[in-house]
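The values are calculated or read from the model by the stated rules, or taken from the named source; none is laboratory data. Keep in mind that this is a model prediction, so the values were computed, not measured. For neighbour counting, all protein chains shown are included, and Cβ atoms are generated from backbone atoms with ideal geometry for every residue, glycine included. For the accessible areas, the whole protein counts, side chains as well, though only heavy atoms, and no ligand, DNA or RNA atoms are used. Shrake-Rupley method; radii C 1.70, N 1.55, O 1.52, S 1.80 Å.
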Amino acid sequence: SSGINAEYGYEQTREFIHLLKPAHIILVHGEQSEMQRLRSSLKREYEDTANPAEIFAPANNEEIVLNFRGEKMAKIVGRLASKKPKVGDKISGVLVKRGFNYHIVSPDELEHYTDLKQGVILQKQSIPFMAPFSLLHHCLQQLAGTVEQSEQGGKSCLKVFDSVLVMQDHNKIMIEWEGSEMGDMYADAVLTLCLQIEANPQAIKQSSLRSITQDKDKTTFEDRVEKLLIELYGEENINYQPKLKYITVTLDGEKAVINLKSYQVQCSNESLHQMVSTAIKRLHNALTPVNVPIIPGYGT
């Protein structure tokens, strides 16, 4: 807001308003008839402009209500602007305000367009673990499918889900991951598995000796997959085709198709693909015994 004093004449007032181009003008602290005359003159002056200002000359104690546009214009910059969006496309980024300007920036480009920097929270958790590390390795393969082996500082390390690092350290293990929605979920799954092995390693090993009827278990598993997906996403978003051996999950216009023969998930949306794949993998590992070979020298 800005103001002028009573010594200003019409020409000075007009020039002042022309420079500022305000959306609202309130004339106060003057003789009522003079203010009304000034108001009328200003309205005539700006009535033909594209966005004429609202001009008020209120009486004492009269309430003024100012209406401001709720919509804001934001400029897309950086990598997000490399492709022209179409009508209906969703733009995901960080909204940055500088003065009266708004920009939408990709989070990893914040430091290029602002004074902000993106940070990463590295989380670590240590738990006692007396079971063989080879047993944990095998169980993680059952859980995640792929396990990367490495060494850091002479200590054996396993990396699962491309995000969670499990390190052997004497009679304990260290779990390390970058804090995020998916990272925390993967770390919880790994931590739960470690605690289960530590609580009863013999039961984990002996589970390999159980005999199950594959066809019966497969039918049961398919039914449970359907029930799990209905609980997660709602019955209206699930299409189960038992004869064709597939289930379709539809969420916000995106589709994920689960092949019930291979349990592979096909989906163009990376986030939905990851959520559905993880849910099925967890269910599979919860219902299927872990086939762990007997480790020499560890129990009977």
How many percent of the accessible area of region 13-89 is carbon or sulfur, using a 1.4 Å probe?
51
Could you pull out every one of the lysines with an alpha carbon less than 18 Å from that of Lys75, ignoring same-chain neighbours closer than 8 positions?
Lys83, Lys84, Lys86, Lys90, Lys97
How do 226-233, 60-67, 132-139, 43-50 rank on mean C-beta neighbours within 10 Å, highest first?
132-139, 226-233, 43-50, 60-67
Amide H neighbours of His24 under 5 Å, counting only residues 5+ apart in sequence or on other chains, H built in-plane at 1.01 Å?
Glu54
Given a 1.4 Å probe and the protein chains all in place, what does the accessible area of Arg14 round to, in Å² to the nearest 10?
90
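Let a ≥ b ≥ c be the square roots of the eigenvalues of the Cα gyration tensor of region 92-201; is it rounded (a/c under 1.5), or, if not, prolate (a/b larger than b/c) or oblate? Please report the intermediate quantities before stating the final value.
On the way: a/c = 3.26, a/b = 2.85, b/c = 1.15.
Note, shape of region 92-201 comes out prolate.
Please work out whether region 13-164 counts as rounded, prolate or oblate from its C-alpha gyration tensor, where a ≥ b ≥ c are the square roots of the eigenvalues and a/c under 1.5 means rounded, while otherwise a/b larger than b/c means prolate and anything else oblate?
Details: a/c = 4.71, a/b = 3.56, b/c = 1.32.
Verdict is prolate for region 13-164.
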